[in-house]
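Chemist: Here it is: the structure, laid out below.
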Amino acid sequence: MMKKLLVMLTISILVLAGCGSSDFKAQTNWEIEDFVFDNQRGEEVSLDDLKGTVWLATFIFTNCTTVCPPMTFNLTEIQGMLEEKGIEDYKIVAFSVDPDVDSPEVLKEYLELYEVPDESKWELLTGYSQEYISQFAEKSFKALVRNNPNDDQVIHGSSFYLVDQNGVAVKNYGGVKEVPKEEIVIDIETLIKEGQ
């Protein structure tokens with residue numbers, strides 16, 4: 001009888017734990033600060049423009065010699081997987097951490113280096129100061145962005161952040177190695193369905 005009770009209790013805990021893992025709000029829940037920035041097409045993009053859409057956010061810069069190229073490649077692969085599943089109502093948003101160099105034109109050229117399934121889904125953002133993006137990253141994403149005094153590289157995190165339709169970051173993932181691409185696609189699809 002005791003063994004049966006322990007088995008039932010274990011199963012109940014596993015079921016509850018499984019249910020809890022789909023509760024995005026319990027994982028991160030950081031509200032994104034209001035913004036109006038310029039994208040790679042020279043258009044203004046605001047937090048309000050993105051409201052109602054699920055988006056995957058990150059921080060990159062075009063002169064990056066380490067993590068940004070694999071991160072951008074991984075984002076193109078995630079987009080390809082979304083396209084294969086017929087998922088269309090999403091955005092990929094990358095904030096430049098080197099805005100003095102990364103003009104809209106430079107960001108557009110950078111994105112052209114990659115095989116992007118649908119460029120219209122991408123918002124590579126710039127048009128602010130280095131100081132601003134450092135505080136914005138910390139306040140909105142709990143992410144580090146700092147100039148490196150020794151060279152032209154910028155120190156920044158390499159995570160991807162899932163942002164819901166209300167502008168709240170609900171989950172984050174590693175963006176360079178062992179990126180959980182299938183999980184990200186499922187999470188995006190789940191959020192879209194929950195918002196319908």
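A short reminder: the numbers here are calculations on the coordinates, not readings from a lab. Here the structure is a predicted model, which is why all the values come from computation and not from measurement. Backbone-built Cβ (ideal geometry, glycine too); neighbour counts: all protein chains shown.
Chemist: May I ask what percent, to the nearest 5, of DSSP beta bridges between residues of the range 18-138 are antiparallel?
Modeler: In the range 18-138, approximately 25 percent of DSSP beta bridges are antiparallel ones.
Chemist: Evaluate the distance, in nm, between pseudo-label points positioned 7 Å from the Cα of ASN29 and of SER46 along their respective Cα→Cβ axes.
Modeler: Modelled inter-label distance: 2.8 nm.
Chemist: So, R0 is 35 Å and r is the distance between the beta-carbons of ILE87 and LYS139; what FRET efficiency does that work out to, to 0.05?
Modeler: The value I calculate is 0.75.
Chemist: While we're here: Please work out how much length the chain gains when fully extended from GLU194 to TYR114, using 0.36 nm per residue of separation minus the C-alpha to C-alpha distance, in nm with one decimal. Walk me through the numbers on the way to the answer.
Modeler: On the way: separation 80, 0.36 × 80 = 28.80 nm, distance 3.13 nm.
Full extension from GLU194 to TYR114 adds 25.7 nm.
Chemist: For the chain, what is the charge dipole size about the Cα centre, in debye to the nearest 20, if Lys and Arg each add +1 at the Cβ and Asp and Glu each add -1 at the Cβ?
Modeler: In debye, rounded to 20, the chain gives about 1340.
Chemist: Further question: Using the Cα gyration tensor of the chain, with a ≥ b ≥ c the square roots of its eigenvalues, what is the shape: rounded (a/c below 1.5), prolate (a/b larger than b/c) or oblate (neither)?
Modeler: It comes out prolate by the Cα gyration axes.
Chemist: Mean Kyte-Doolittle of at least -1.0 and a Cα length of 27 Å or more along the axis: which whole DSSP H helices of the chain meet both?
Modeler: On the way: long enough: 2-21 (29 Å, 1.68).
In the chain, the long hydrophobic H runs are 2-21.
Chemist: Okay, next question. Which residue, LEU191, ASN74, GLY167, has the largest displacement toward the positive end of the dipole of the chain when charges sit on each Cβ (Lys, Arg +1; Asp, Glu -1)?
Modeler: LEU191
Chemist: Length gain on complete extension for the stretch THR65 to TYR132, per 0.36 nm per residue less the alpha carbon to alpha carbon distance?
Modeler: 21.8 nm
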